Amino acid sequence: MIPLYRECSTAEADIGMRRYLCDSDGTGGHLKTEPEDFVVREISDPPRRKDGGEYTIATVTSRNWETNRLVRILSRSIGMSRTRIGFAGTKDKRAVTTQLMSFRCPPEDVAKIQLKDVEIKDLYTGSRAIQLGDLIGNSFEITVRDLAMPMADVESIVRGDIGTIAKTGGFPNYFGVQRFGSVRPVTHLVGERLVRGDIEGAVRTYISYTTPEEEQDLRELRGSLEGCTDWAYAASVMPERMSFERVMAQALAGGEDWKGAISALPSNLQMMFVHAYQSYLFNEMLSERMARGLPLNAPVEGDVVIPLAADGTPQHENPIVANARNIDLVARQVRMGRAFVTAALYGSETVLAEGEPGEIEMRIAEENRLKPEDFVIPGLSKCSSKGGRREILCPVKDLTASFSDDSYSVAFSLPKGNYATCLMREFMKSEMRDY
């Protein structure tokens, strides 16, 4: 057992992020004052070149573009279905992001695209499309402004936290606010409705749910659409900022049922709903582990440990359960960075841990009145999820910090599927909206 981790008192607790690794008071401040304050570059494994290949591969740098919206506008610019554009990961909107994309069309069609704050370069024809997950990781350069204390104190806190993170071997691998929505954390609420079989509730929640942080005109519009039955009217009054809600409304206006409204959304967004609910449950499991003072960088009996392949990829197909006979060996592999302790992504086929970690996982599921079969959503296969396991500690490479008169910047790289804001919250401990 180790000392209890610092408790979180901000709105992050509402999405299960109830603890911090670092016991500092936090620098305060907020991110993304300008898109250039949040620079993301994919670390990619690109498709090999193929002369005359069916797919055009391009490096796309965008400023202040949400990925799904960017793909939709790119597809309109070329005049083809958005399903013919592939990308490896969804990026932050208020950021400058560089990523690979694939286009199922000739390079000359892609070269003609001209969009504000979008640069497309390094085109070549490739052997295959890019799919979600086709990346190694991401590198970040993040600047924090509007600090809550003098710079001398900021520098002391940041350097101390970097030492704590290095000693631990990483930071708590929560799903960050982007998974749920920092201004309107709604995706997991929609996912919960789907899991409980309330498809109408899922659609209405996505359209009407709002928060005090959302812009007033959107709050008022969402409020006016509660209980809506005139979906043609609803679609006509929705602004571009509600483009996916409008897709749902148009589907309903065209005679689709509630499932049809969900199915009208992009596949990756459909998948995101239930995944976000699983992410919330994972966050709660990780927080409970920390509340009990269990380690993040070492197994206890009952833990499910995932080894890493030679290339650093977690081998989720080869889990190891720590027990009295093997725990010293398993702990050594974790200590050397060759394996990671995991918690459950609760789904229809998730194998739970044993011992105290398993008791935590089962208790969270029972408190939320969940059964594995709930995650099979009839008629919505893209929303169904088998579940799995996720590492509870996120390793970080090349972590450095620099300081100016009124801000500081942190540079680092993370494996895919992990959240830069979950590292930044260790330094900042700000309100959720500030990320």
(request) Scan the strands (runs of 3 or more DSSP E) fully inside region 60-150 and keep the ones with 3 or more residues being among the charged types (D, E, K, R) and open to solvent by 60 Å² or more (accessible area, probe 1.4 Å). (result) 118-126
(request) Please work out which residue is most open to solvent (accessible area, probe 1.4 Å), limiting yourself to region 183-215 and to residues that are among the hydroxyl-bearing types (Ser, Thr, Tyr) and touching a residue at least 24 places away in the same chain (Cβ under 8 Å). (result) Tyr209
(message) Suppose we keep only residues that are polar (S, T, N, Q) and farther than 30 Å from Val39 by Cβ within region 359-411. Which one would you say is most open to solvent (accessible area, probe 1.4 Å)?
(response) Ser381
(request) Residue by residue through region 322-351, note down the ones that are closer than 28 Å to Ala276 by Cβ and open to solvent by 40 Å² or more (accessible area, probe 1.4 Å). (result) Glu349, Val351
(message) Arg222 - would you say it is buried (at least 18 other Cβ atoms within 10 Å of the Cβ), at pLDDT 95 or above, of a type outside the set (Asp, Glu) and within 26 Å of the chain's Cα centre (by Cα)?
(response) yes
(message) Checking Met336 against (1) modelled with pLDDT of 95 or more; (2) closer than 22 Å to Asn297 by Cα; (3) hydrophobic (A, V, I, L, M, F, W, C), only one condition comes out false. Which one?
(response) (1)
(request) For residues that are closer than 30 Å to Gly126 by Cβ, among the aromatic types (Phe, Trp, Tyr) and either touching a Pro at 6+ places or on another chain (Cβ under 8 Å) or surrounded by fewer than 21 Cβ atoms within 10 Å (Cβ to Cβ) (or both), tally how many sit in region 1-58. (result) 1
(message) Every residue in region 291-313 that is within 24 Å of Gly16 (Cα to Cα) and within 21 Å of the chain's Cα centre (by Cα), please.
(response) Leu296, Ile306
(request) Output yes when any residue across region 292-299 is open to solvent by less than 30 Å² (accessible area, probe 1.4 Å), assigned to a loop (DSSP other than H, G, I, E, B) and touching a Gly at 6+ places or on another chain (Cβ under 6 Å), and no when none is. (result) no
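The values are calculated or read from the model by the stated rules, or taken from the named source; none is laboratory data. Please read these numbers as outputs of a predicted model, since none were measured by experiment. Positions of Cβ are generated from backbone atoms using ideal geometry, with glycine treated the same way; all protein chains shown enter the neighbour counts. Accessible surface areas use protein heavy atoms only, side chains included; no ligands, DNA or RNA. Shrake-Rupley method; radii C 1.70, N 1.55, O 1.52, S 1.80 Å.
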